[in-house]
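I have placed the structure first, in the form of structure tokens, so that the comments after it can refer back to it.
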Amino acid sequence: MLTSDLLQTRNHGPYIYPRYIKTEAPRAQGLAEQLIAIFSDHQGKTRRELSDALNQYAQDSTDYRIQRGLAKLLRDDRCEFSERSVAPPAEVRERVFGLARENHPVVLQPDMIHPVSRNDILAEVASEYKTDVEQLTWAVYADLPDNHILTRFDSPQPEWLLERYNVALAQALLYRCIRMRLSVLRNIPSRYKQLFKFVKFYQLMHTIQGDLDSGYEIVLDGPVSLFRLSQKYGLKLAVFLPALLLCTRWKMEAEIVAADGERRFFPLDESAGLHSHYRDSTVYDSLLERTFAERFGEIESGWEIEREVAIINLKDTVFIPDFAFRHADGRTALLEIVGFWRPDYLKRKLMKLKRSGRTDMVVAVSADLNVGEEDFKDVPGSVFFFKRRINPQEVLTRLEQVGQDASLES
């Protein structure tokens, strides 16, 4: 992401906005193309040589902040630097400096009083590593960041770089965010689940209200708004933003502490045209789930299996079972797979299963977990344990039971 000094903003009353660039503008396109070309030309060269070339290019530039921002994104996202040395530099330094200490003082030009020269030291160590003096000299400081070699540059299209820059501007504005309010409407269930997973992954304190039909209102808050200003929580909100961009209909309002200390608001919605660089989650979270879905689809059951289409609102959070089933006669049922071993995960999962109160749910629990039937005694629905793979016939038998029960209750 961008550093705060590269952020450019504008104010309008109580609102604050990033100064986005027009991605289709010829000047912006030309700048992106030139920077990409500089990076491409410096593959196999040092970071210092690349930096010097970028600085020389920026000498006559009036939009140096944009140029520096674009270059930073290319360095961070598309480059791979590595150390090239005939031997570990720390080891080489230890040997060279140790030998120099033994022959102190070491001079450039030897004489009768000072017979050992710098080249003599380097040549002796080079012979030990079976290399030449030039390679050995480079190895002494090959681990310095400026001496790292650009070994790979994944050259992007200019449009990608410019779009990524606009997202990075919005992210940088969130570094000083203390609260974020989201409205997410009319998205497919898997989009909601993806969003909720990012909320939890970044450990964002949250409250969630709403349902699948009307959408969800989400407030992201944290200790920064309660105690003292810190950019640590704002950084989490910044890295969360691209996950929000994966949704199709949404609105955001972030409360920002501006550089002058004033509270301002940063509004954003899908009409801004920002594009996420995060990859959409795959259809299945694990090979276990995919294998089960494929095997269940091969049997004649009368049940149609769907992936994560039910969202159960638990007021302060949500619960999305792994699979939903619909029978040709109208019966429905759910399946949740409990296969992750971490204690805090199991505790939260059990809490959600109990609070959901869903008697139409089948719960498949891995036998590798440190839990037993007693732990699931208060979980409604039907619970069974599996070893390595989930047997579709076992699930089918239990679907018939909970489906019938759900039908009778309704």
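Side notes on the structure shown:
- Against the chain, whose longest principal axis comes from its Cα atoms, helix 64-78 is set at around 70 degrees.
- For the chain, the longest principal axis of the Cα atoms and the long axis of helix 118-128 meet at an angle of about 50 degrees.
- Between residue 342 and residue 304, the simple label model (points 7 Å from Cα in the Cβ direction) yields a spacing of 3.6 nm.
- Residue of 385, 266, 323 that the Gaussian network model of the chain assigns the largest fluctuation, springs spanning Cα pairs under 10 Å: 385
- Label selected from [x] 40; [y] 16; [z] 11, the criterion being percent of Cα pairs over 42 Å apart as computed here: [x]
- Rounded tilt (10° steps) of 231-245 against the dominant C-alpha axis of the chain: 60
- Residue 128/residue 202 FRET efficiency (R0 51 Å; Cβ-Cβ; nearest 0.05): 0.55
- Whole-Hz Karplus values for segment 8-22 come out as 10, 10, 9, 10, 9, x, x, 9, 10, 9, x, 8, 5, 9, 7 Hz, taken residue by residue from phi with 6.51 cos²θ - 1.76 cosθ + 1.60 and θ = phi - 60°; glycine and proline positions read x.
- Value in Å of the Kirkwood radius, where segment 89-142 supplies the Cα pairs that are averaged: 11.2
- Normalising the Debye intensity of segment 24-74 to I(0), with uniform scatterers on Cα atoms only, and taking log10 at q = 0.15, 0.28 Å⁻¹ returns -0.37, -1.22.
- Estimated FRET transfer efficiency when R0 is 30 angstrom, pair residue 94-residue 146 (beta carbons, to 0.05): 0.90
- Here the Karplus curve 6.51 cos²θ - 1.76 cosθ + 1.60, taken at θ = phi - 60°, turns the phi angles of segment 203-220 into couplings of 6, 8, 5, 8, 10, 10, 10, x, 8, 5, 6, 8, x, 10, 9, 10, 10, 9 Hz, with x standing for Gly and Pro.
- Taking GluC sites (Glu not before Pro) in DSSP loop states with no more than 11 other Cβ atoms inside 10 Å as exposed sites, the chain has its longest site-free stretch at 25-261.
- For segment 357-371, Karplus couplings with θ = phi - 60° (6.51, -1.76, 1.60), whole Hz, Gly/Pro x: x, 8, 7, 9, 10, 9, 10, 9, 10, 5, 6, 7, 7, 8, 9
- Stretching residue 114 away from residue 56 to a fully extended chain increases their span by 16.6 nm, per 0.36 nm per residue minus the current alpha-carbon distance.
- Once the Cβ-Cβ distance of residue 219 and residue 294 is raised to the sixth power relative to R0 = 51 Å, the FRET efficiency obtained is 0.85.
- Between the amide H of residue 382 and those of 361, 362, 363, distances stay under 5 Å, these residues lying 5 or more places away or on another chain, with hydrogens modeled in the peptide plane.
- D (Stokes-Einstein, µm²/s), Kirkwood Cα radius, segment 311-410, 1.567 mPa s at 4 °C: 93
- Size of charge dipole - segment 285-410 - debye, nearest 20, with Cβ of Lys, Arg +1 and Asp, Glu -1, no other charges: 440
- Extension gain for residue 107-residue 328 works out to 70.5 nm (0.36 nm per residue, less the C-alpha to C-alpha distance).
- Three semi-axes of the equivalent ellipsoid, segment 1-126, Cα gyration tensor, whole Å, largest first: 49, 16, 14
Every number here is computed from the coordinates shown, using simple stated rules; none is lab data. Keep in mind the model is a prediction, meaning the values are calculated, not measured. Positions of Cβ are backbone-derived with ideal geometry, glycine not excepted, and every protein chain shown enters the neighbour counts.
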